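The values are calculated or read from the model by the stated rules, or taken from the named source; none is laboratory data. A quick note: this is a predicted structure, and the numbers were derived from the prediction, not measured. Glycine gets a Cβ as well: all are built from the backbone with ideal geometry, and neighbour counts include every protein chain shown.
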Amino acid sequence: MMDVERSRHSMHPGSSGSGLRHSPRETAVLIATAGNGYPKKSPSMPNFHEKPFTSTNASEPILNSNGLPVSSEYVADNSGVQSLTDGDASLSVIEMYGDEVESRRPENEDGGNLEGDEDADSDELELPTSGMPPTGSAMPNSDYFDRYGFKKQSNLITEQDYDEWWENYSQYCIRRKHKWKILMEKSGLPMDNDSPNRFPSRSEKLKRYVRKGIPAEWRGNAWWYFARGQEKLNKNKGIYDKLLLKMDDLLKSKTKSMPDLDIIERDLNRTFPDNIHFQKETFQIDDPPMIKSLRRVLVAFSLYNPKIGYCQSMNFLAGLLLLFMDEERAFWMLVIITSRYLPGVHNINLEGVNVDQGVLMLCIKEYLPEIWQYIMPQTSSKHFSLNNGTSLLGGNDFLYKLPPITLCTASWFMSCFVGVLPIEGTLRIWDCLFYEESHFLFKISLAIFKLCEPELIKLKPLRNGIGKNPIRGQRGSQMSNGESEMEVFQIVQTFPKQLINPNELFDRVIFKRRFSLNKLDQDEVDRCRKYVSSQRLKYKHYSEIMGTGHRNNNNNSNNNSNDIGIASSSSNSADGEKMAGDIINDALSSEVYGFKKGLGGVHWNNSIKAKVKQMRKKKG
Amino acid sequence: MLQFKLVLLGDSSVGKSSIVHRFVKDSFDEFRESTIGAAFLSQTIKIEDKGSQQEVVIKFEIWDTAGQERYKSLAPMYYRNANAALVVYDVTQQDSLAKAQGWVNELKTKVGEDDLVICLVGNKLDLCTEEGESSSKPKAVESSDAEGYANEQGLLFHEVSAKTGEGVKQVFQSIGEKLYEFKKHELANSKGRQGAGGDTVNVQLQRPSTNDATSCCG
């Protein structure tokens, strides 16, 4: 991994060392006052862009921003694994792991695209081959860390699993990159020293290419390009620098304080503790450059958008961005993610989380009814039902009282799958997120649930038959409701972490047109979000009028209510509950959400049609 | 086997996840990733029935939660139907005790069940006891203060170190015993109502709802 360190420092000799021997506070001062000299490049940004380094490059002294050779302390800091004078200077990060190495086998299975009839890239060529094997063992640390500096091993994946998978997947990456290069050439776009800044115009083909993975070395630029980051930056030139100045002022000020600073500090060392770029060696006095960048980005963001401030999970978003782009870009990408893709999700009240989880639940119910029965909150209906058992709100009460499974899936959205899947999978999702926008997060969530299905089926026979709502906690039931609920959680929590091969998700679900979940598009998600948020608002409004909201819930542990819930009324106010329920029912049940009726989806369309009819009848 | 739902609450970075990992996996990481949303784990312990001197197996279904203030809006989902709550503070951070007390209040007003076992736990004891170590920090919360508060509120109280493991087992042991006491009492009161037979009594993880009478068994 030494080469990572060396590469990034030799890449930006003029800027990378800024503030190395300063405390975090001093660093902020130094950087904020550095004016034009401010290092826009993240000091720790691993460099996937470089072609193999020349020996000249590698032997250059590493300079800090003052032009002084970096102290030996610092060299020691970052070379904890290998000394600077060791060999292998000519290998790039990616090469160390065999990614730049030409494929040794003439395989052309197109990355295991199982459904070749659907998405075969007929335009793709055979890759020229040479006999060189991946050089995975060239660097001592490649035994432990992947090409981004993450530890290969996790609780659920052994190093051996990783290496075996990587041997194939790295070849896949090489093939994909080769195809990307051809596409770029055809589109007349320059490769700019393996760091292209412009990408082909949007097309089905490009979408497919993105879904099959953007080359790791191009990711930072590609994300920036597809998310229209430059547009955002051009409109806000100089803002990031100003924010850093403000941060500096606030740090110096004895009267004013930054409310979010403390909570940010607590999370800095808890962001990717398994990634070498974020690790602080015991002998290191100062924070690693990556941690300093992370601090600046997060503090700057909290000043830029006080409505959000700092929300746990943003540390992972910013952290991952910093592995692929410089600080200022990472900052603006964070702005884009939290506003365009995940609106309201990180706000203080987290209402955006609840809305998105409501949307996800609606989508599961619609596209994966076979899964829905496992996660449906099995007691919820009783709280929203009248005594005769009819469900209120068109059966959509789960939008207000979200099923507990959403405690698990909320983090999928908040951190955009960082830490949810092994890193290569997360990156593939990010590729699609920036190209296809937020609906992809829902789509991939559905895909994960789909892949979970066999495990869920193994879990337990459904007690009350398919489609029926088994009553949780029924006395004498074979399995207590908590037990099965926990097992569902454990599967949903653990399963994605084991998904080492991203192509499992993509080839087995995302590229399969026969799965109706692939019909989900941005338009649908936007509409669905509006629907859920308006329903939640109305519900809140009504429950407040009826006085059965938060204020009257002394006894609500016995109800499966969460933050807002008519169910939280005390148990002896059944009449009031009924009345409130009726009013809400009248107001809301006419607004049952209807998924768009696509041309091909006969089955699910009919089923939703029937449902809607039924509901209308009931209401009438 | 008896199963109970246990939820962890407390300020960010007081060591909730570390306590759970010490208990479940007997391991410790100096830096553990911030918990986003919630994590679920389970672990069993054995306790002794004081009357019959028989061993009883208790399974904890543990809900570990994110600590940041704003996650509080999701909290009711965490603690509903909980049998026990572990409210954690950091013995080197006075503020964190105040936050813990806030959680205790919330549990008492929102859950308000007499048989909810709440245990106040002061973590990071190791930071105060490593003599001469540079990492040593002054103890900001006196044991007597926290214990006094816990007694006043009827909470269990422990001081632990997830890092060394000191006191962690005892926390769960004492919670298990207390839960068993309650359960035994409850079972004695409701004999015959429960349909379960055989040698093992399968007790529901979640609290029986007071609404059950009308909606589920009625």
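If the requirement is being modelled with pLDDT under 95, surrounded by 19 or more Cβ atoms within 10 Å (Cβ to Cβ) and away from every other protein chain (no Cβ under 14 Å), which of these qualifies: A:ILE584, A:ILE500?
A:ILE584
Filtering region B:99-114 to residues that are of a type outside the set (Asp, Glu) and either assigned to a strand (DSSP E or B) or touching a residue at least 60 places away in the same chain (Cβ under 8 Å) (or both) leaves B:LYS99, B:ALA100, B:TRP103, B:LEU107. Set side by side, the residues A:GLN490, A:GLN478 differ, and just one is at pLDDT below 95 and assigned to a helix (DSSP H, G or I), which is A:GLN490. Residue selection: B:SER136 fails the criterion of being away from chain A (no Cβ under 14 Å) and part of a helix (DSSP H, G or I).
Scan region A:301-313 for residues that are crowded, with 24+ Cβ neighbours inside 10 Å and not in a loop (DSSP other than H, G, I, E, B) and the total you get is 1. Those helices (runs of 4 or more DSSP H) of region A:195-243 in which 3 or more residues are closer than 21 Å to A:LEU183 by Cα occupy A:204-211, A:219-226.
Scanning region B:151-162 for residues that are part of a helix (DSSP H, G or I) and buried (at least 22 other Cβ atoms within 10 Å of the Cβ) yields nothing. Does region A:247-294 hold any residues that are assigned to a loop (DSSP other than H, G, I, E, B), in contact with a Lys or Arg (Cβ under 8 Å, 6 or more places away or on another chain) and touching a residue at least 40 places away in the same chain (Cβ under 8 Å), and which are they? If the condition is that a residue be assigned to a loop (DSSP other than H, G, I, E, B), in contact with a Lys or Arg (Cβ under 8 Å, 6 or more places away or on another chain) and touching a residue at least 40 places away in the same chain (Cβ under 8 Å), then A:ARG270, A:ASP274, A:ASP286, A:ASP287, A:PRO288 are the ones that fit. Looking only at residues in region A:403-415 that are buried (at least 24 other Cβ atoms within 10 Å of the Cβ), more than 7 Å from chain B (Cβ to nearest Cβ) and hydrophobic (A, V, I, L, M, F, W, C), the one that is nearest to A:ASN354 (Cα to Cα) is A:PHE413. Among the helices (runs of 4 or more DSSP H) confined to region A:340-415, the ones with at least 1 residues that are over 14 Å from A:LEU441 (Cβ atoms) and modelled with pLDDT under 80 are located at A:380-384. The set of residues from region A:149-189 being out of contact with any His (no Cβ under 8 Å at 6 or more places or on another chain) and assigned to a loop (DSSP other than H, G, I, E, B) comprises A:LYS152, A:GLN153, A:SER154, A:ASN155, A:LEU156, A:ILE157, A:THR158, A:SER187, A:GLY188, A:LEU189. Just so you know, in region A:340-364 the residues that are among the polar types (S, T, N, Q) and buried (at least 24 other Cβ atoms within 10 Å of the Cβ) include one that is farthest from A:ILE448 (Cα to Cα), and it is A:ASN354. Scanning region B:87-96 for residues that are in contact with a strand residue (DSSP E or B) (Cβ under 6 Å, 6 or more places away or on another chain) and under 30 Å from B:LYS50 (Cα atoms) turns up at least one hit.
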